[in-house]
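Novice: Dropping a structure here in structure tokens format, bear with me for questions.
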Amino acid sequence: MLDIILKRRSIREFSDKEIAKSDLLDLVKCGFMAPSARAQESRDFVIIDDKEILNKLSEVSIGAKVLARAKAAIAVICPNVDSLTTPDMALEDLAAATENILLAATSKQIGSCWIGIAPNDERIEKASKILNLDNVSFVFSLIALGYPLSDDAFYIKDKVKENLIYWNKVE
Ligand SMILES: Cc1cc2nc3c(=O)[nH]c(=O)nc-3n(C[C@H](O)[C@H](O)[C@H](O)COP(=O)(O)O)c2cc1C
């Protein structure tokens, strides 16, 4: 598992190989398995494998262009916050689910890239409309998916900053 975390990278160039539906469902299951505040059900998921919808989503922001090259995507959705026990922690729940999916994808050799949507109102509105969401739920993030074009797309890059690690108190 440590190896999966260390070699996860944002992958933005994909091969033609399709992702099996069963694998996409496995990724979503891993999204549900992420922690959430007071175990609230603060996440829905939309699996997108329709090229036309991927193309529309790729127009949501400059950073979303990668979706036009992706074989599939998963939208992490915040349901109606009025239904939640701890709505002020919903964004943390949604981020945890997004990261779980990135790691699960890496474990299956599937490339992934987190496309930031929330808290940008314009992106939320555009993406939520494309996915036909009602006015009370919204897209938190999009995850572009596909098998990497390059064989060495997963690699370990040292991002650890030793000087930012403290023990017991900040000095
Ligand atoms: C909240 C968030 C939003 C992001 N949005 C985008 C995006 O819109 N487009 C994109 O290509 N990458 C996006 N990324 C991926 C980052 O650019 C990437 O994680 C960062 O450059 C570090 O590279 P690494 O993921 O390979 O470690 C986002 C990442 C996070 C956590």
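The values are calculated or read from the model by the stated rules, or taken from the named source; none is laboratory data. Note that this is a predicted model, so its numbers are computed, not measured. Methodologically, a virtual Cβ is constructed for each residue, glycine included, from the backbone with ideal geometry; neighbour enumeration extends over all protein chains shown. These area figures cover heavy atoms from the full protein model, side chains too; ligands, DNA and RNA do not enter into them. Shrake-Rupley method; radii C 1.70, N 1.55, O 1.52, S 1.80 Å.
Novice: For the range 146-167, state whether one or more residues are closer than 16 Å to Val66 by Cα, part of a strand (DSSP E or B), within 16 Å of the ligand (Cβ to nearest atom) and in contact with a helix residue (DSSP H, G or I) (Cβ under 6 Å, 6 or more places away or on another chain).
Specialist: Checked against the condition, which is being closer than 16 Å to Val66 by Cα, part of a strand (DSSP E or B), within 16 Å of the ligand (Cβ to nearest atom) and in contact with a helix residue (DSSP H, G or I) (Cβ under 6 Å, 6 or more places away or on another chain), the range 146-167 yields no hits at all.
Novice: I've got another one for you. Taking only the range 54-66 into account, find how many residues are more than 9 Å from the ligand (Cβ to nearest atom) and assigned to a helix (DSSP H, G or I).
Specialist: Of the residues in the range 54-66, 4 are more than 9 Å from the ligand (Cβ to nearest atom) and assigned to a helix (DSSP H, G or I).
Novice: Do we find that Lys129 is farther than 29 Å from Lys7 by Cβ, within 16 Å of the ligand (Cβ to nearest atom) and part of a helix (DSSP H, G or I) in this structure?
Specialist: no
Novice: Taking Leu149 as the residue in question, decide whether it is at pLDDT 95 or above and open to solvent by 50 Å² or more (accessible area, probe 1.4 Å).
Specialist: Taking the combined requirement at face value, the residue satisfies it.
Residues are listed down the side, and each one gets a yes or a no for (1) open to solvent by less than 10 Å² (accessible area, probe 1.4 Å); (2) farther than 30 Å from Tyr155 by Cβ:
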{"residue": "Asp3", "(1), (2)": "no, no"}
{"residue": "Glu13", "(1), (2)": "no, no"}
{"residue": "Met33", "(1), (2)": "no, no"}
{"residue": "Glu41", "(1), (2)": "no, yes"}
{"residue": "Lys51", "(1), (2)": "no, no"}
{"residue": "Ala75", "(1), (2)": "yes, no"}
{"residue": "Ala95", "(1), (2)": "no, no"}
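Novice: Going by the conditions given, is Ala90 in contact with a Cys (Cβ under 6 Å, 6 or more places away or on another chain) and not basic (Lys, Arg)?
Specialist: On the way: in contact with a Cys (Cβ under 6 Å, 6 or more places away or on another chain): yes; not basic (Lys, Arg): yes.
When the stated conditions are applied, Ala90 passes them.
Novice: A further question on this structure: Of the conditions (1) touching a Leu at 6+ places or on another chain (Cβ under 8 Å); (2) free of Cβ contacts under 8 Å to residues at least 24 places away in the same chain, Ile47 fails just one. Which one is it?
Specialist: The single condition Ile47 does not satisfy is (2).
Novice: More than 17 Å from Leu102 (Cα to Cα) and without any contact (Cβ under 8 Å) to a residue 24 or more places away in the chain - does that describe any residue in the range 136-150?
Specialist: No, the range 136-150 has no match at all.
Novice: In the range 1-45, what residues are closer than 17 Å to Ile74 by Cβ, outside any loop (DSSP other than H, G, I, E, B) and in contact with a helix residue (DSSP H, G or I) (Cβ under 9 Å, 6 or more places away or on another chain)?
Specialist: Residues satisfying the conditions are Ser10, Phe14, Asp23, Asp26, Leu27, Val28, Lys29, Cys30, Gly31, Phe32, Phe45.
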